[in-house]
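Below you'll find the structure, written out as structure tokens, and then a few comments.
The values are calculated or read from the model by the stated rules, or taken from the named source; none is laboratory data. Because the structure is a prediction, the values reported are computed rather than measured. Note that each Cβ is placed from the backbone with ideal geometry, even for glycine, and that neighbours are counted across all protein chains shown. For accessibility, only protein heavy atoms count, side chains too; no ligands or nucleic acids. Shrake-Rupley method; radii C 1.70, N 1.55, O 1.52, S 1.80 Å.
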Amino acid sequence: MINSDCLKQLEGCCDTNDKTEDIGISKREISGPAKNHEVRNDTHGPSKRAKNDGGKYSKVLDLPQLDDTFDTEDHNELKTRVENLLNQLTLSEKVSLLSGSSLTSATGIPRLNIPTINLLDSINGIKSTNPTAPTLCFPSTTCLGSTFNPSLLYLMGKSLAIQAKKQKCNVILGPTINIHRDPRGGRNFECFSEDPLLTGILAANLMKGIQEGGVGACLKHFVGNESEFKRRFYSVTTPISSRTMREIYLAAFEYAIKECEPWAVMTAYNKIRPIPSDPPKYSSESPLLTSILRNQFSFTGCILSDWFGTRSTLPSLLSGLDLEMPGPSVFRGQKLLDAVNSGDLEERIIDERVRNVLMLILKTTAAENGAIVEQDEDEKARTLTHRIATEGIVLLKNDHGILPLNPPGGKISVIGPYALTPPINGGGSALAVPQHVTSPLSCLQATYPGKVEYSQGFTTHVCTPSLPLPLTSAKNGENGIDISYYIHSSPTHPVLQTFTPTTKITHIGFLPPP
């Protein structure tokens, strides 16, 4: 159920008095007009609403107005353009639009001036198509949740849109709104909170700011992706009709989508059980994409898979998955062409999916990408990141009033490697190269010159250190390692054997054919 303390904190989170001078934003721009909303406490989360009636939950929370980014006239114009393009596409071109063209790009059709769009991670720092390019990094999503400040998240979204255009990003792969269910969760830092209402409201305001800037937000991961252990294979056996599923896992998506519809939603890797009598199915081919996401939540945007999260050709397409990412295609392409030509698939199903992909492309290319970010805009963004980090700090206790530090005649001892090399972001999709890093140690040394002593203390590693290559010897006598790959159905006979002259190996997606 909704935490009353959470509601109280959210109610006061839009009090912006004396908080706006440092970033040059008017108080009216932050707070925005309130709308009529309601909060339901029934066992099935928030109730369904008609499209375009505004958000539901801001009356009690006094949140900014979250209208659709595209008004009815603009949306109808885009729909007309989509139909005109659809009528000019060949079957082969339609199929090509339903999968990516590279690791970070969807597919364009140059013949019809349909551009290729870039889909890049993440809200904690917009990556470039060049993985080594630096970017402005924001605090972790858990820190964002600790601010309890939807208006601040709206400003962050506006800043992210500017940064996205700088990096030539059309769709930001985020926010992640899975729920903190265990403190050991491997990607908790990418999620807001253990509370679905707080999560949904903050995510909606963030997406509003992003999409007002002409950049798409991709809400993820739908649904039940709350664990990193075997995240590509595990099954959520709790049926979708259960109270836990409705009030926790699905509720965050419903709150967010009905407050501010994202232009895209990403499916999860894991399996989910649609009804108690059915076996679990991968999220990318789950009937929930239509029955829940489309029909109950009234989502009209593009549904895309997590990277290499598509598991089938026809089941995923028929269940409602619009876009297979990344490219080149594994399950679509020629397989879909063969299915249409053999009569196993109607072309109208292809058309339905293509419409959603084309709409995403048109929305996210309406504004110019690659814009130059002015110096004062960059400075404003850095000030905003500092404010977010400050508001997200939670001081649990302060025994003996030790804070703030005030050592008039004493010393300050700083111990630990992260004081010197702080972890700015997480791994995987959350990993980004920061523009600038200031260490806690350097800040303390500048504030208390001559009074700070540092020791590394223990050594910590994100990953277990790899074995030095000179200490290895493969079967061929060279330095390196031999690798054998097995599948569950054949645990004694490898399906692939390779040699690699390194001790560091990364696999994304599928193995090469033997």
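Below are the figures for this structure:
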read-out	value
Alpha carbon convex hull of segment 225-377, volume per residue in cubic angstrom	162 Å³
Amide H contacts of GLY213 (H built 1.01 Å from N, under 5 Å, at least 5 apart or other chain)	none
Cα→Cβ-extended label distance, 7 Å offset, between ARG294 and HIS400, nm	6.4 nm
Charge dipole (segment 278-378, unit charges on Cβ, about Cα centre) - positive-most of SER291, PHE308, MET359	SER291
Length added when fully stretched, GLU228-VAL437, from 0.36 nm per residue minus Cα-Cα	72.4 nm
Compactness of segment 271-325 - radius of gyration and Dmax, Cα, Å	10.7, 30
Ratio Rg/Rh, restricted to segment 83-169 and using Cα atoms, in which Rh is the Kirkwood radius	1.12
Only Lys, Arg (+1) and Asp, Glu (-1) charged, at Cβ; segment 169-210 dipole about Cα centre in debye	80 debye
Estimated FRET transfer efficiency when R0 is 60 angstrom, pair THR237-LYS451 (beta carbons, to 0.05)	0.60
LYS79/ASP344 FRET efficiency (R0 35 Å; Cβ-Cβ; nearest 0.05)	0.75
Charge dipole (debye, nearest 20) of segment 208-314; +1 at Cβ of Lys and Arg, -1 at Cβ of Asp and Glu	320 debye
J(HN,Hα) series, segment 242-250, from Karplus relation 6.51 cos²θ - 1.76 cosθ + 1.60, nearest Hz, glycine and proline x	6, 5, 4, 4, 6, 8, 10, 5, 7
With all protein chains modelled, accessible area of LYS281 [1.4 Å, Å²]	80 Å²
Segment 296-357 and segment 389-447: distance between their alpha carbon centers, rounded to Å	47 Å
Computed accessible area, TYR249, all protein chains, 1.4 angstrom probe, square angstrom	40 Å²
Rg/Rg_ref, segment 315-461, where Rg_ref = 2.2 N^0.38 Å and atoms are Cα	1.82
Computed over segment 296-351, Kirkwood Rh from alpha-carbon pairs, angstrom	12.0 Å
Filter on LYS158/LYS363; LYS230/LYS258; LYS165/LYS220; LYS127/LYS166; LYS397/LYS451 - keep pairs with C-alpha separation over 19 Å	LYS230/LYS258; LYS165/LYS220; LYS397/LYS451
